[in-house]
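Inspection log for the structure reproduced underneath, given as structure tokens.
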Amino acid sequence: MQNPANIRFSRRAASFPVMLAVLLVVLAVLTVRSRFDDPDMWWHLKTGEIIWTTHTIPTTDLFSYTTNHHASVAHEWLSELLIYGAYRFGGYPGLMLWLCFFTSALLIAGYYLCSLYSGNSKVGFLGALTIWLFATIGLSVRPQMIGYLLLVIELLLIHLGRTRNPRWFLGLPLMFAIWVNCHGSFFLGLIVAGAFLFSSMFNVQRGSLGSAHWDPSCRRMFALALILSVAALLLNPGGLKQILYPLDTMLNQSVGLSQVDEWQPLQLGDMRGFALMATLGLIFLLVIVRRTELFWHELLMLALGTWTAASHRRMLFVFGILAAPILSRSLATSWEGYNPEQDRPAANAVLIATSLLAILWAFPTQLVLSKQVEEESPVRAVEFIKTNHLSGPMLNEYAYGGYLIWAAPEHPVFVDGRADVFEWTGILGEFEKWATLQSDPNTLLDKYGIDFCLLARNSPMAVVLPMLDDWTVIYSDSNSVILIRKGTIRQH
């Protein structure tokens, strides 16, 4: 005779909500299986290797020759350590497993949040799909994956603390102590928490706009947790500089924000821009037509998410996380909720088993991942540089800097995706004018004594340099070009 406890466990493990969660894992793997080679992944990986092998966190630039070892802030050191740990134990497949894990964790946590917030697991699944849609702007092997997962966890802790037990708030300080060492989005987390605390202080009803009820003792516990969370930010190796780094990025890194594609303002003609407007329109339409109540903290979350996404398209990721629970609650009455009595564990089990097989099938092999790297990075060009023993100062494409840091550390880079240190030293501004043909090409090349350049084949300067008397192409492939200064290149 079977144990009743085992039967109950089996039914839960093969329940409809669990099946939906497994489907999200399938979606996660299918989405990221071709997103392995992010240009910034490589310098994060190299920084993690240095921390792993030396047991120290870098405080100066170690990878370029243009910044003269300028002071830097390794504000994502913990994430970088985890990224390198995945590589050390699994190579490229280990990195892909890292990405699949955090993408799946993000979607499942979002699914749980939206299900709790709406009281309907079916609508919660739709909320998770909303997060997925906007998250596709930034799913990659980068620290932001951990940062945005922690944002979802923050919303979960606040919801559980407000609706179940205020002790859930006490998880916030520990979370912020981890967050400040993983990604600069912790600063956004503080703003989100502050918006909830602000909204809890008012009990005002204006038509369909109202206040969620907060018990005074619950509010006091939340305020205490927020104070402890701010104090927990000091548990970082960079001190105040690390805490203020996100502000420095937004206020003092104008060149990087204006030139890097992901920091550009959102274009409403973009598919995700249309999706943002549709999400907002649906939420407010439901408020008007169905007279669904919209809470003050929800309005603040929508305003914050919309403003950040409109300012910088990479922040669509944040908009999806903040808007999904609100959309889910607004739609909760449109679908019948999950009824365990009507569940079909056998059918769910078949779908779960099929999904697990699909995950195994979809996970890319080492060969597939290597091909992705070769398609996006200057793999063959670096092999040429090493085979021919090219030496001397090199000027590299901005997007190639990260891969060069990892694959050719013996060749210090001119510039790479760490825009902060290059902006602080003025290098990024000089390079931006050079790369966009706004200055005499020879001025920058002569100033830094450049002997050879590694450029993207489609870059403007790859067309202009061969027209100059001093430069000639010595290597070219489908994505990269190497040019040398005549008479000065040194080979050993």
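The values are calculated or read from the model by the stated rules, or taken from the named source; none is laboratory data. Because the structure is a prediction, the values reported are computed rather than measured. Backbone-built Cβ (ideal geometry, glycine too); neighbour counts: all protein chains shown. For the accessible areas, the whole protein counts, side chains as well, though only heavy atoms, and no ligand, DNA or RNA atoms are used. Shrake-Rupley method; radii C 1.70, N 1.55, O 1.52, S 1.80 Å.
Each residue in segment 206-247 was checked for being open to solvent by 60 Å² or more (accessible area, probe 1.4 Å), part of a helix (DSSP H, G or I), under 30 Å from Trp424 (Cα atoms) and at pLDDT 95 or above, and 1 pass. From the list Tyr398, Tyr403, the lone residue that is in contact with a Ser or Thr (Cβ under 7 Å, 6 or more places away or on another chain), among the hydroxyl-bearing types (Ser, Thr, Tyr) and within 30 Å of Leu465 (Cβ to Cβ) is Tyr403. Counting only strands (runs of 3 or more DSSP E) wholly contained in segment 378-492, the ones carrying 1 or more residues that are free of Cβ contacts under 8 Å to residues at least 40 places away in the same chain occupy 471-476, 480-485.
Here Glu375 passes the criteria (1) modelled with pLDDT of 95 or more; (2) open to solvent by 50 Å² or more (accessible area, probe 1.4 Å) except the one numbered (1). Phe187 meets the conditions (1) open to solvent by 10 Å² or more (accessible area, probe 1.4 Å); (2) touching an Asp or Glu at 6+ places or on another chain (Cβ under 9 Å); (3) assigned to a helix (DSSP H, G or I); (4) not charged (D, E, K, R) in every case but one. The failed one is (2).
Restricting segment 341-377 to residues that are under 23 Å from the mean Cα position of the chain (by Cα) and not in a helix (DSSP H, G or I), the residue that is farthest from Ala21 (Cα to Cα) is Ser377. Sub-8 Å Cβ pairs linking a first residue in segment 14-42 that is of a type outside the set (A, V, I, L, M, F, W, C) to a second residue that is outside any helix (DSSP H, G or I) and open to solvent by 30 Å² or more (accessible area, probe 1.4 Å), at least 6 apart or interchain, are Pro17/Tyr338; Arg33/Phe363, ordered by first then second residue.
Got at least one residue in segment 146-162 being over 17 Å from the mean Cα position of the chain (by Cα), open to solvent by 20 Å² or more (accessible area, probe 1.4 Å) and farther than 29 Å from Val32 by Cβ? Yes. Residues that are at pLDDT below 95 and assigned to a helix (DSSP H, G or I) are absent from segment 132-152. In the set (1) open to solvent by less than 10 Å² (accessible area, probe 1.4 Å); (2) out of contact with any Lys or Arg (no Cβ under 7 Å at 6 or more places or on another chain); (3) farther than 24 Å from Leu286 by Cβ, the condition left unmet by Gly127 is number (3).
Here is a check on your reading of the model: is Leu286 open to solvent by less than 60 Å² (accessible area, probe 1.4 Å), farther than 30 Å from Ala71 by Cβ, touching a Gly at 6+ places or on another chain (Cβ under 9 Å) and aliphatic (A, V, I, L, M)? No, not satisfied.
In segment 78-91, the residues that are of a type outside the set (Gly, Ala, Ser) reach residues that are open to solvent by less than 30 Å² (accessible area, probe 1.4 Å) and at pLDDT below 95 with C-beta atoms within less than 8 angstrom, at least six apart or across chains, in these pairs: Glu80/Ala74. Of everything in segment 378-419 that is of a type in the set (Lys, Arg) and surrounded by fewer than 19 Cβ atoms within 10 Å (Cβ to Cβ), the residue that is farthest from the chain's Cα centre (by Cα) is Lys386.
The set of residues in segment 174-184 that are open to solvent by less than 10 Å² (accessible area, probe 1.4 Å) and within 14 Å of the chain's Cα centre (by Cα) comprises Trp179, Cys182. The residues in segment 45-79 that are open to solvent by 30 Å² or more (accessible area, probe 1.4 Å), among the hydroxyl-bearing types (Ser, Thr, Tyr) and farther than 16 Å from Leu240 by Cα can be counted, and the count is 5. Going by the structure shown, is Arg142 surrounded by fewer than 24 Cβ atoms within 10 Å (Cβ to Cβ) and either among the hydroxyl-bearing types (Ser, Thr, Tyr) or over 13 Å from the mean Cα position of the chain (by Cα) (or both)? For Arg142, the condition - surrounded by fewer than 24 Cβ atoms within 10 Å (Cβ to Cβ) and either among the hydroxyl-bearing types (Ser, Thr, Tyr) or over 13 Å from the mean Cα position of the chain (by Cα) (or both) - is not met.
The residue that is least open to solvent (accessible area, probe 1.4 Å), among those in segment 305-343 that are touching a residue at least 12 places away in the same chain (Cβ under 8 Å), within 26 Å of Ala13 (Cα to Cα) and among the charged types (D, E, K, R), is Asp343. Checked against the criterion of being small (Gly, Ala, Ser), on the phi < 0 side of the Ramachandran plot and open to solvent by 20 Å² or more (accessible area, probe 1.4 Å), segment 96-107 has at least one qualifying residue.
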